[in-house]
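What follows is a single structure, written as structure tokens, with notes after it.
Rule-based calculations on the coordinates, nothing more; no lab input. Worth saying up front: this structure is predicted, and the values here are computed from it rather than measured. Here the Cβ positions follow ideal geometry from the backbone for every residue, glycine too, while neighbour counts run over all protein chains shown.
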Amino acid sequence: MQIAEAVLHDAEGITYSSDGTSDRGHHFQAHLLNVKQQDGNAHTYTLGVKRQFSHTAQANFDTWIDRTGTIRALYKLSKCGCTEQRLTEYFLCLLSGGQGDHNSGEKKMFRIMEAAHSKAVLTQLGQEVLKLMPDWDHMSLVSTAIDEMIVSLGGSDVWASLSEEQQERHREDCLETLAHELGVKRFADLPPEKQASLRFFAWAGCAMHKELNSVVGGEQGMRAFWKSRGLPGPMKLHNKDNAAAAKSGNSAAKARADDVSQEGCAKMVTLLGNLVRNKDPKKGYQRNFMTYMRAKLHRKVQFPPIHQARFQSIGAAAGFTLLYLAILTTFIELMRDKKVKSIEFNHLEENIYNALHDPPTLFEAAVHALYHLATSQPYVQEARVSGKRAQDLGPLHARVKEHCRAIIADPDLFLATPSD
């Protein structure tokens, strides 16, 4: 009811945002509306969390339309509801943009929403043209359009065979098409400033995903760095099967095993997280590790939550690994030596232990940690300041790019002290 009142009576403009997550194979999507009122105040409304059977852009758009349809149906049943207002179409007309993750699905959904917004605006323009028409011209135009629609369906006999609901649906589609055609003509006659205002539809990405994408790009850049310099890169972190293939002596099998296996800091800290902070409390050494760290440092210390796929977790885990490198290697040795049946590493432990002694892997960890401290953390802290809007972050992003260019030109800035 509050959303319907805000949209139908007080709204000057609307933006949308949504995000989703999966739980046990089921996808759930949350939806928010930001409504700017005519008095200049803005309010945020939640449309709830809805389970989606598909995580496609079209499914996300359909969920938005379904939610507005549900609100309209409830509003019609209320005492203050107005059955003449078409909430979904009005909602699409008032939309001026949206916000979502930096991924292809969200960007595609934005394009679908933008197309729906454009169609709704043109249709509304056409409806205004129809309302201003003299009654006789209006009746003649509508009658001609319906007659043409009946002919296109197969004639009056086919029309008569349709149910009342089917006929009504065809009439609505026919009138909407007519209004859209008139709206296109009306739009072409508007001054450029008015056209630009009606067409305006902005998209803003998630600042957290910007940071995450920069880490992904950094990983790809480091892969290219080793090859371009002709240097041996980080060791491959094979799984059991690929490790056996790599040791088989068959060069082709080893090449295939290396091609499908990952390497580098990101993979190492992910494996380390599985060992010392596993999401399953029955797996890993998290309790042993917490006890060991408390004994060494006299305070509670946990490995960053890599398994939760949190933003900045790779950089935080890389810094943690370097800071407590000696403790981590000693802990893994201790867990090996306390085994009863076989005092040796299992495959996961061996991979991690070797990576912790691999200079290229540790070099990448240093790069991740420095970038995390010098760029990621300051950027995210400023981007998440309460009250900031997406359009307020433009100067921040300009400064971040300038900051990165300065570091590229002089990497020693990473290690500079304030006095420098």
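Only Cα pairs under 8 Å and 6+ residues apart enter the sum, and on that basis the relative contact order of the chain stands at 11 percent. In the stretch 207-415, Cα pairs under 8 Å separated by at least six residues give a relative contact order of 22 percent.
Each 20 Å bin from 0 upward holds the following percent of the Cα-Cα pairs of the chain: 19, 40, 26, 14, 1. Measuring between their Cα centroids, the stretch 371-420 and the stretch 37-57 lie 31 Å from each other. Against the main long axis of the alpha-carbon atoms of the chain, helix 57-77 sits at an angle near 50°. Return one number: the angle in degrees, 0 to 90 and rounded to the nearest 10, between the long axis of the Cα atoms of helix 394-409 and the longest principal axis of the Cα atoms of the chain. Helix 394-409 sits roughly 30 degrees off the main axis of the chain. Using only Cα atoms, find the angle between the long axis of helix 104-132 and the longest principal axis of the chain, and express it within 0 to 90 degrees, rounded to the nearest 10. The helix 104-132 is inclined about 10 degrees to the chain. Annotation: lysines with alpha-carbon distance below 23 angstrom to Lys185 (same-chain offsets under eight excluded): Lys119, Lys131, Lys194.
Please work out the Kirkwood hydrodynamic radius for the stretch 207-415, using every pair of different C-alpha atoms, and report it in angstroms with one decimal place. Numbers along the way, then the final one.
Working: mean 1/r = 0.0528 Å⁻¹.
In the stretch 207-415 this quantity evaluates to 18.9 Å.
What is the stretch 1-59's relative contact order, in percent, from Cα pairs under 8 angstrom and six or more apart in sequence?
30 percent
Paramagnetic label reach from Ala224 (point 7 Å along Cα→Cβ; backbone nitrogen cut-off under 16 Å): within the stretch 376-420, residues 405, 408-409.
So, R0 is 22 Å and r is the distance between the beta-carbons of Ala160 and Met139; what FRET efficiency does that work out to, to 0.05? Kindly include the intermediate steps, with their values, before the conclusion.
Numbers: r = 22 Å, r/R0 = 1.00.
Given R0 = 22 Å and the Cβ-Cβ separation, E is 0.50.
Could you give the length gained on full extension between Lys279 and Phe200, defined as 0.36 nm per residue of separation minus the Cα-Cα distance, in nm? Working shown, then result.
Numbers: separation 79, 0.36 × 79 = 28.44 nm, distance 4.47 nm.
Stretched out fully, the Lys279 to Phe200 stretch lengthens by 24.0 nm.
Think of each Lys and Arg Cβ as +1 and each Asp and Glu Cβ as -1; about the Cα centre, that makes the dipole of the chain roughly 2580 debye.
Kindly state, as a whole number, the per residue volume in cubic angstrom of the convex hull around the alpha carbon atoms of the stretch 2-205.
Numbers: hull volume 35.7 nm³, N = 204.
Cα-based convex hull of the stretch 2-205, divided per residue, equals 175 Å³.
For Ala416 and His298, a Förster radius of 35 Å and the Cβ-Cβ distance give a FRET efficiency of 0.60, rounded to the nearest 0.05. Roughly speaking, what is the centre-to-centre gap between the stretch 242-260 and the stretch 294-369 when only Cα atoms are used, to the nearest Å? The distance from the Cα centre of the stretch 242-260 to that of the stretch 294-369 comes to 26 Å. Approximating the spin labels as points 7 Å out from Cα along Cα→Cβ, the Lys131-to-Ala30 distance works out to 3.7 nm.
Multiplying the residue separation of Lys107 and Ser342 by 0.36 nm and subtracting their alpha-carbon distance yields 79.3 nm.
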